[in-house]
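Okay, so here's the structure we're looking at.
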């Protein structure tokens, strides 16, 4: 099974009369896809879907998926290659599940094979389970989570058989793919817990929604428009991506100051007091985007990160494939933070030359007590994902304390002047 990200495509789809023209896929096949996946989603919404132990909680704002003929065509085009090469037209808007390429000496029953593959993907929930809070973390439950994602509003599937006359035992090959129009990143909830809809007023994710036997319905195939309210001038970022960076940074920084993070030098990193909570900064974002657009995949100069007298730090991340931006935000943050456990800092919590030489600089910048502003960029460079995050004010000063040891704040008096305490996080918030 592989996952790929697809271009945003739109077409008109109907639940019973589909109007698609893909060769080899019939309306009987499409109705099977439609019923199998939406009935599974309906079971989830009503709290009737088995988890590894017991049933999943009921869900609200889970949408019935419309059938998209364009997505079907993309899925079919990939399947008709009968190879494991990647899908074309890759970007961050859609995600696909692909089957193995099956071989046999006789023709395949495509409808039965596709039905069985959908069952296999859906059963990854029962086989592997997901935590009751429904937080997605990837892994073996990924196929089910991809199909069950409450925000999906459209999908398309396609299968194809390829004949190879030069072969005898494996003359026939068969492959199958399904594409959905919403991507889960690690840390996302697969769906909202609550009561399944009984009327359109219960459906708030998409405007003008109706309710269809526990599932919300919209005629849109594209999902809600991206919001870009935090930094409206940026063209390659949106608020969801920004908050994925901010939230993961704050989750990790909070866990660190509460003494919950393993230190490779032994024990857990010490508790910390007075550490500042991250917030997004548009000026830093603009600087990160400008550097990210160069695709140099190297650090920028310190001079370029000091445009107004405040020095900014920088972390970089590269992935060998084109990741969804939200996924890249979480993956980059996790990788940088993992240096604490992998290399260790020690209970003194000071960035000495010796500690710095271990290769913990990404972690220490994230954990730096007085750093509270962040701006990032996600770029695609020659098929790779390149993430640039910059931080203000900069951390990573040699022979300085990473953060002050002590109990995290429980009230404003435990924070520096002019800041307030976020008690649940143990972090201090700048106005």
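Some values worked out for this structure:
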read-out	value
Any hit, the stretch 37-49, residues being under 13 Å from residue 122 (Cα atoms), modelled with pLDDT of 95 or more and in a loop (DSSP other than H, G, I, E, B)	yes
Verdict on residue 56 being in the same structural domain as residue 133 (by the TED database), touching a helix residue (DSSP H, G or I) at 6+ places or on another chain (Cβ under 8 Å) and modelled with pLDDT under 90	no
Residue in the stretch 118-126 that is touching a strand residue (DSSP E or B) at 6+ places or on another chain (Cβ under 8 Å), modelled with pLDDT of 90 or more and more than 19 Å from residue 34 (Cβ to Cβ) present	yes
Residue within the stretch 217-237 that is modelled with pLDDT of 85 or more, under 23 Å from residue 66 (Cβ atoms) and outside any loop (DSSP other than H, G, I, E, B) present	yes
When residues of the stretch 292-326 are limited to those that are more than 20 Å from residue 363 (Cβ to Cβ) and buried (at least 23 other Cβ atoms within 10 Å of the Cβ), the one farthest from the chain's Cα centre (by Cα)	292
Residue among 378, 355 that alone is crowded, with 20+ Cβ neighbours inside 10 Å and free of Cβ contacts under 8 Å to residues at least 12 places away in the same chain	355
Residue match in the stretch 395-411 (condition: assigned by the TED database to the domain that holds residue 271, at negative phi and without any contact (Cβ under 8 Å) to a residue 40 or more places away in the chain)	yes
Single condition residue 157 does not satisfy, out of (1) surrounded by fewer than 19 Cβ atoms within 10 Å (Cβ to Cβ); (2) over 15 Å from residue 185 (Cα atoms); (3) touching a helix residue (DSSP H, G or I) at 6+ places or on another chain (Cβ under 6 Å)	(1)
Extreme residue, surrounded by the fewest Cβ atoms within 10 Å (Cβ to Cβ), among residues of the stretch 414-423 that are in contact (Cβ under 8 Å) with a residue 12 or more places away in the chain and either touching a helix residue (DSSP H, G or I) at 6+ places or on another chain (Cβ under 8 Å) or part of a strand (DSSP E or B) (or both)	422
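Yes/no per residue for (1) touching a helix residue (DSSP H, G or I) at 6+ places or on another chain (Cβ under 6 Å); (2) under 27 Å from residue 194 (Cα atoms):
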residue	(1), (2)
63	no, yes
66	no, yes
69	no, no
77	no, no
80	no, no
85	no, no
121	yes, yes
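Here is a yes/no grid of residues against (1) at pLDDT 95 or above; (2) in a loop (DSSP other than H, G, I, E, B); (3) in the same structural domain as residue 250 (by the TED database):
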| site | (1), (2), (3) |
| --- | --- |
| 345 | yes, yes, yes |
| 348 | yes, yes, yes |
| 371 | yes, yes, yes |
| 379 | no, no, yes |
| 391 | yes, no, yes |
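The values are calculated or read from the model by the stated rules, or taken from the named source; none is laboratory data. Computed from a predicted model, the values in this text were never measured in an experiment. Ideal geometry is used to build each Cβ from the backbone, glycine not excepted, and the neighbour counts take in all protein chains shown.
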